[in-house]
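Report on the following structure.
The values are calculated or read from the model by the stated rules, or taken from the named source; none is laboratory data. Here the structure is a predicted model, which means the values were calculated and not measured. Cβ sites come from the backbone with ideal geometry, for glycine too, and all protein chains shown count toward neighbours. For accessibility, only protein heavy atoms count, side chains too; no ligands or nucleic acids. Shrake-Rupley method; radii C 1.70, N 1.55, O 1.52, S 1.80 Å.
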Amino acid sequence: MKTIRTLIFVSIFLSVLLPNLLHAQEESFPDSLSLILEPIQIEATHSSVTMDRAPMSVSTLRRSMDDLVSRRASTLDELTFTLPGIWVSNRENHALGERMTIRGMGWRSQFGVRGVQVVLDDIPLTVADGQTIMNMVDPAMIQSIELLRGPSATLWGNSSGGVLYMKTRPGPDHPSLYLRSYGGSHGTMKHEARIHEQAGPVRVDAYGSYFDTDGYRDYSAAELWRGGLAATVQPDRYSSITGRVAYAGMPFAQHPGSLGLQDAEQDPTKAWPFNVNMQAGKEYEQWMGSLHMLREFSPGVLTVTGHGALRDLENPLPGPFIMVDRRAGGSRATWAFTEIPFDLQIGAELKWQRDERTQTDNNGGTPDPALYVSQLDRVSNQGLFAKSVFDLETVSISAGLRADRMSFQSDSLDVATGSIIPYQDEDRIFTTVNPSLGLIWKLDQSRIFANVSTSFESPTTTEFKNRLSPDGVTVLPGFNADLDPERTVGAETGIRGWFPEEQLEYDVTFYSQFVRDQIIQETEIDGQAIFSNGGTARHLGIEAAATYHPADWLTARGMITWTDARFTGDGLEAPFKGNQLPGVAPFRASLALEWFLNQHTIGLDLEHVGRYYADSANSAENDAFTLLHSRWTFSGIGSSGWTLQPFVSVQNVLDTRYNTSVALNNGFGRFYEPGPGRTFQAGLSLQI
């Protein structure tokens, strides 16, 4: 019934309100979004390939100034909901962050992101062991997104079931100074600032933001500081150097926990009492930096990149109190040949990670003096790769090959007896080779492509860190030496094209992915998870997306995704064979509309998520839901040197009751994480 009411509401808006507004429409504005039909450079492929030559499923998003002003963008799902293949679930819990899957890859993650690669301004947010920390990303600052939807280990190595590549650098038409502030429901407040300036030979881009909220649910308040600085200099016409620094700090974030079905339906703002009593939450600081150098020579182009990260985390959970001091980084060098009759790039990559993990009991939000685990984890990843593109008139053939070697080492101390007793160091070494082969057939106004590619996903340090005692009754600290990487082979074919006169772009893709040695949670004892390699899984799907710009005053962008992801193997997963993977919605659809009416911009976002399961046994369901959001901004205040724009946004216009995400396979049946009802935000932006 709620879905029907939503469709009726949209139909009334389109048939009654829109014609009346269009009679008043007499002019369009230069920052309205139009289709970009010229070749788009795809930087997420680590090469000079354009959309016109990319033999793979790839989606792009370029945000207009109106979208930057009026869209709240406090979480990443507000930007990605019209991109096919990717699903970001806002958990309304800043202590856990968002859940993200690409074609179902990464479904097993209880917190953070697994199985997919995430990059922000050329800095990988995915560290050597495959963990991704999304708190560094301020979605409001994202200017553009590129999404590789299939396995991409040839390009990115470990944990590349898909790639999300985001950039904060504004375009040349962006104002030199941009300020925005808004406030709204649930005590939410945000302040943002951005500067971009050309100072002689140096281009400087900087941003900063402060976010504070009481949260929709009880005990879900959070505070966030984020910022970034980039400087680019071109010493001569053949070279460029770019340095970047980014910061994210969360002084506190409360963890309300998940709820059972009855509580989620009758009291969705409730926090789980044990979480409140234990003062569960998160506090962290993180710095990241990179240096990117490019130099053109007569036979080719050399690119060298280095990056590093520092992270200090305190994470009181309902049982343990976890503290992590992380140091991570890496470097990459590529050489692209320019004097040979085909495109060829070769290179090497190194990633490393060092985690000092301390674990105690949680005494009401403070660590117990008696240590349970003091553990040093070290990860290194070395990769060699080559990729090429052969152009044969109307056909292009792409091929790639990458070899990786990964080393995991753990030096742990067991303090259970009251005295520090070291035991033997543990280590594992993995080697893997990942090929890819793609073809694209160029027609007048379309491109037909096919691609076969692979990826692998190593266990993370958090999945290695516990092992089961020989009697199978207790959890021992240390290193689970029985875990192996998860491996994926994917095939896809599709067509993307455009109709210039109709200002229409479209993309349709069919894909199949086969996963073996899945890393799954075998059991949980006293809040400590034990992971093992399960059986196999099969992911089948269809993705369709389109952008339509019939006139200067209207833009429509939408997508439909169908995914059938199921357990297919034996072993640990034998009881679940044939079941759908939990946390993966089989059907999703979305539509974003923008009207440019004189000095007003009106936006509507419609999103539907189908029913899906919360556990591997498929015994707990999360109901389907449809959400409608609206935005308005006014650009009629200002002069030649400045513009002041008020804006209002309303989330969940129809006040739909729904669960925004689930806690997968929760041992206590508390699967559900409720989403907020109707919320309001209003604010101002200043552009100079």
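For the peptides 381-388, 297-304, residues were scored by their other Cβ atoms within 10 Å and the scores averaged per peptide; the highest-first order is 381-388, 297-304.
Length, then width, then depth: along the principal axes, the Cα atoms of the stretch 130-191 run 42, 35, 16 Å. Residue-wise HN-Hα couplings along the stretch 243-253, as the Karplus relation 6.51 cos²θ - 1.76 cosθ + 1.60 with θ = phi - 60° gives them from phi, are x, 9, 9, 9, 9, 9, x, 10, x, 6, 8 Hz; Gly and Pro carry x. A Stokes-Einstein calculation at 25 °C with viscosity 0.890 mPa s, built on the Kirkwood radius of the stretch 49-130 over Cα pairs, returns a diffusion coefficient of 168 µm²/s.
A full extension of the chain between Asp312 and Asp236 corresponds to an added length of 23.4 nm, given 0.36 nm per residue minus the alpha carbon distance.
Please list Arg103, Arg678, Arg487 from largest to smallest accessible area, probe radius 1.4 Å, with all protein chains kept in place. Could the numbers behind the result be given before it?
On the way: Arg103 5, Arg678 105, Arg487 60 Å².
Reading off the accessible areas and sorting them downward yields Arg678, Arg487, Arg103.
Report Rg/Rh for the stretch 263-322, rounded to two decimals, where Rg is the Cα radius of gyration and Rh the Kirkwood radius.
Values: Rg = 22.9 Å, Rh = 16.1 Å.
Across the stretch 263-322, the Cα-based Rg/Rh ratio is 1.42.
Once backbone amide H atoms are built at 1.01 Å from N, Asn659 has Gly675 as its partners under 5 Å, excluding neighbours fewer than 5 places away on the same chain. Measuring with a 1.4 angstrom probe and ignoring ligands and nucleic acids, Val373 comes out at about 10 Å² accessible.
When peptides 192-200, 553-561, 311-319 are sorted by average Cβ neighbour count within 10 Å, with the highest value leading, the order is 553-561, 311-319, 192-200.
Looking at the stretch 532-573, send over the antiparallel percent of its DSSP beta bridges, to the nearest 5. Around 100 percent of the beta bridges assigned by DSSP in the stretch 532-573 are antiparallel ones. Please work out which option in (1) 0.95; (2) 1.14; (3) 1.00 gives Rg/Rh (Cα atoms, Kirkwood Rh) calculated from these coordinates, and answer with its label. After the calculation, the listed value that fits is (1). Each listed q (0.16 Å⁻¹) maps to a log10 I(q)/I(0) for the stretch 628-686, found by the Debye formula over equal Cα scatterers with no solvent: -0.66.
For the stretch 99-147, the convex hull drawn through the C-alpha positions has a volume of 84 cubic angstrom per residue.
Each label was represented as a point 7 Å from its Cα along the Cα-to-Cβ direction; for Val489 and Glu197 these points are 5.7 nm apart.
Measuring between alpha carbons in the structure, the pairs from Lys270/Lys577; Lys351/Lys465; Lys270/Lys465; Lys351/Lys577; Lys167/Lys270; Lys167/Lys442 lying more than 27 angstrom apart are Lys270/Lys577; Lys270/Lys465; Lys351/Lys577; Lys167/Lys270; Lys167/Lys442. For the stretch 660-688, the residues whose backbone nitrogen is under 19 Å from a point 7 Å from the Cα of Leu654, taken along Cα to Cβ, are 660-661, 675-680. Please report the orientation-averaged projected area of the stretch 84-227, defined via the convex hull of its C-alpha atoms, in nm². Projected over every direction and averaged, the Cα hull of the stretch 84-227 covers 10.2 nm². Under the simplified labelling scheme, the Arg62-Ala617 pair shows an inter-label distance of 5.2 nm, with each label point 7 Å from Cα along Cα→Cβ.
Sort the following peptides by mean Cβ neighbour count (other Cβ atoms within 10 Å, averaged over residues), highest first: 339-347, 630-638.
Values: 339-347: 14.6, 630-638: 17.4.
My ranking of the peptides, most packed first, is 630-638, 339-347.
Built from the Cα atoms of the stretch 543-684, the convex hull projects on average onto 11.6 nm², one quarter of its surface area. Under 5 Å from the amide H of Asp218 lie the amide H atoms of Lys270, Ala271, each residue being 5 or more positions distant or on a separate chain, with H modelled from the backbone and absent for Pro and chain starts. Backbone amide hydrogens, once placed in the peptide plane, bring Asp129 within less than 5 Å of nothing, excluding anything fewer than 5 places away on its chain. Starting from the Cα of Ser639, step 7 Å toward the Cβ, then list every residue of the stretch 673-688 with an amide N under 14 Å from that point. Taking a point 7 Å out along Cα→Cβ of Ser639, the residues of the stretch 673-688 whose backbone N falls under 14 Å are 688.
Taking every DSSP helix (H) stretch of at least 4 residues in the chain, weighting each as -39,500 (n - 2.57) and dividing the sum by the residue count yields a mean residue ellipticity at 222 nm of -1500 deg cm²/dmol. Against the criterion of solvent-accessible heavy-atom surface with a 1.4 angstrom probe, Arg611, Arg62 sort, most first, into Arg611, Arg62. A full extension of the chain between Ala556 and Leu443 corresponds to an added length of 38.2 nm, given 0.36 nm per residue minus the alpha carbon distance.
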